[in-house]
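Visitor: I have a structure here, written as structure tokens, and I will follow up with some questions on it.
The values are calculated or read from the model by the stated rules, or taken from the named source; none is laboratory data. In this text the structure is predicted, and so the values were computed from the model without any measurement. Here the Cβ positions follow ideal geometry from the backbone for every residue, glycine too, while neighbour counts run over all protein chains shown. For the accessible areas, the whole protein counts, side chains as well, though only heavy atoms, and no ligand, DNA or RNA atoms are used. Shrake-Rupley method; radii C 1.70, N 1.55, O 1.52, S 1.80 Å.
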Amino acid sequence: MPMLDSGERYVDEGPKNWELFYQHTGRYLFAREQVRGKVVLDAACGTGYGAAILAGAAHLVVGLDHSQEALSYCRHHHQRSHVHFLQGDCCHVGLRDGAVDVVVSFETLEHLEDMRSFLHEIRRVLKPGGILLISTPNRPLYAVYNKGRRNVYHRLELDEGEFTRLLSEFFAIEAVWGQRHFSKKDLPLVREFAEQEVPVGPDGLFRRAVRVALRTCLPEGIRSRNWPVAQVWAHKCNIGEVAPSHGVYMIAKARKPC
């Protein structure tokens, strides 16, 4: 039986929710450019689609998750000769000190009871000078995005200042980006859920005009796959379009001191 896609654990089969697709895969495509030829740990790898994306550039990928159900899916759909999936706890990774060049951990931090134990363990398994790529919701804008509803899967959410201060206890932060911005046309839908003014990113008006023009001459087969809708979300979920304070999610690149 296929695993249910809750939004917390993305499943890359069946009909596409384009917003979730570009949120989740966009982070890993972004990370893939940073892991070429490296040994990588994907901490809390979920259903393994991200480990498979990273494997397109990495020398070796180890996917770690606590869920046996998720790992069974990983091994069935995403097993590769240089991708290995392990069951374990992100706060007690079964790898030796300095075992990996890069740790990737997207949308994990907010689920943990003890964030500092997790970051301490990640620092332990990284080589000196190794890289951490990590994302987490930006609490003020995530609340707006969720229209005031609490995410029952999250133990604690952070704002930008809390996120960077926490990371700085363990790593040297090199960059922080935002992902999934609001545009002006979104404001009437979300303003009532905001405690302060909602920052907006680029509207992409030119891109939308091009998409509308193309849609009129696209073959029916492409139109039926919601290509224009997919492109809207590809733009909104692109990493690097906005500062972390303008994103529903924050993505950081940090380095373990040598």
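Visitor: Taking the residues in segment 33-42 that are at pLDDT 95 or above and closer than 22 Å to Asn238 by Cα as candidates, determine which candidate is surrounded by the most Cβ atoms within 10 Å (Cβ to Cβ). Quick ask: steps written out before the conclusion?
Guide: Initially, segment 33-42 is screened for residues at pLDDT 95 or above, giving 35-42.
Add one more test, that the residue is closer than 22 Å to Asn238 by Cα, and what stays is 35-36, 42.
Details: Val35: 24, Arg36: 12, Asp42: 33.
Per the stated criteria, the residue is Asp42.
Visitor: When you go through Val144, Val152 one by one, which is the residue that is among the hydrophobic types (A, V, I, L, M, F, W, C), under 19 Å from the mean Cα position of the chain (by Cα) and open to solvent by 60 Å² or more (accessible area, probe 1.4 Å)?
Guide: Exactly one of Val144, Val152 is among the hydrophobic types (A, V, I, L, M, F, W, C), under 19 Å from the mean Cα position of the chain (by Cα) and open to solvent by 60 Å² or more (accessible area, probe 1.4 Å), namely Val152.
Visitor: A follow-up question, please. From the list Leu71, Leu29, Leu119, which residue is modelled with pLDDT under 95, open to solvent by less than 30 Å² (accessible area, probe 1.4 Å) and in a helix (DSSP H, G or I)?
Guide: Checking each option against the conditions leaves just Leu71.
Visitor: Turning to a different aspect of this structure: Exactly one condition in (1) buried (at least 20 other Cβ atoms within 10 Å of the Cβ); (2) in contact with a His (Cβ under 8 Å, 6 or more places away or on another chain); (3) under 22 Å from Val176 (Cβ atoms) is not met by Gly48; state its number.
Guide: (3)
Visitor: Would you mind stating whether Arg139 is open to solvent by 20 Å² or more (accessible area, probe 1.4 Å), of a type in the set (D, E, K, R) and within 28 Å of Leu60 (Cβ to Cβ)?
Guide: It is false that Arg139 is open to solvent by 20 Å² or more (accessible area, probe 1.4 Å), of a type in the set (D, E, K, R) and within 28 Å of Leu60 (Cβ to Cβ).
Visitor: Might you check whether a residue that is touching a residue at least 60 places away in the same chain (Cβ under 8 Å), open to solvent by 20 Å² or more (accessible area, probe 1.4 Å) and not charged (D, E, K, R) occurs anywhere in segment 74-83?
Guide: Yes, some residue in segment 74-83 is touching a residue at least 60 places away in the same chain (Cβ under 8 Å), open to solvent by 20 Å² or more (accessible area, probe 1.4 Å) and not charged (D, E, K, R).
Visitor: Looking at this structure, is Asp65 buried (at least 21 other Cβ atoms within 10 Å of the Cβ) and among the acidic types (Asp, Glu)?
Guide: It is true that Asp65 is buried (at least 21 other Cβ atoms within 10 Å of the Cβ) and among the acidic types (Asp, Glu).
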